[in-house]
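Read-outs throughout are calculated quantities, based only on the coordinates presented, and are distinct from any laboratory measurement. As the structure is a prediction and not an experimental result, all values here were calculated from the model. We place every Cβ from the backbone using ideal geometry, glycine too, and count neighbours over all the protein chains shown.
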Amino acid sequence: MKYSLLIYVLALLMLGCKDDVLPKPKAMLRLDYPQGTYQTKDFGCDYFFDQNELSVVKESKDCSLVLDYPMMKGSIFITYKKVEGNIRELLVDAQKLTYEHVVKADNIAPKEYINQDEKVYGMFYEVSGNAASQSQFYVTDSTNHFVTGSLYFYAKPNYDSIFPAAAYLQNDIRRIMESLRWK
């Protein structure tokens, strides 16, 4: 009897110390995009910049462009306007467009851009959260030219899902700003 109680307790301890079976978490999809290859493009407008060869350009008559990235299901919309004594209104409109996303955005981080040698001045806004646009920017020479841009995806915004593509395209936007030149 003494041994049977000991065997019973040992059996309970051995069976009770097993690790619980836990389901494995769902795997995260790894999105890798090829390194960007850039070429300076002149679109017949008052400005030009380095374009990523992964993008497809759709041009407009008024020097506005859409850089479409089919692989990432996103586009960078670029709008050009002449400055005709209305720089203040253009700046207010560009900033207003960015801060309309504050309702859904977790954070909007502005970063100033200045290239005095080429007379390119602007602002880059990184928008985090489930906002419609993940990035906005504008550049100007303050006297003649004003360019704005916005990044949009062809899907309902889910920041966790689109983050890799958004980060890649934000780097492209920075490249556009840094390489932009006026004619």
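Taking the Cβ of Ser133 as the centre, find all other residues whose Cβ is under 12 Å away and add up their charges (Lys, Arg: +1; Asp, Glu: -1).
Working: positive: Lys104; negative: Glu100, Glu126.
That works out to -1.
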#### Entry: Residues whose placed amide H lies under 5 Å from that of Tyr113, excluding near-sequence neighbours
Gly122, Met123, Phe124
### Summary
Listed with the fewest Cβ neighbours within 10 Å leading, Leu5, Leu65 appear as Leu5, Leu65
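Greater than 21 Å separation of Cα atoms is the criterion. Which listed pairs, Lys81/Lys119; Lys41/Lys111; Lys41/Lys183; Lys61/Lys96, meet it?
Too far apart for the 21 Å limit: Lys41/Lys111; Lys61/Lys96.
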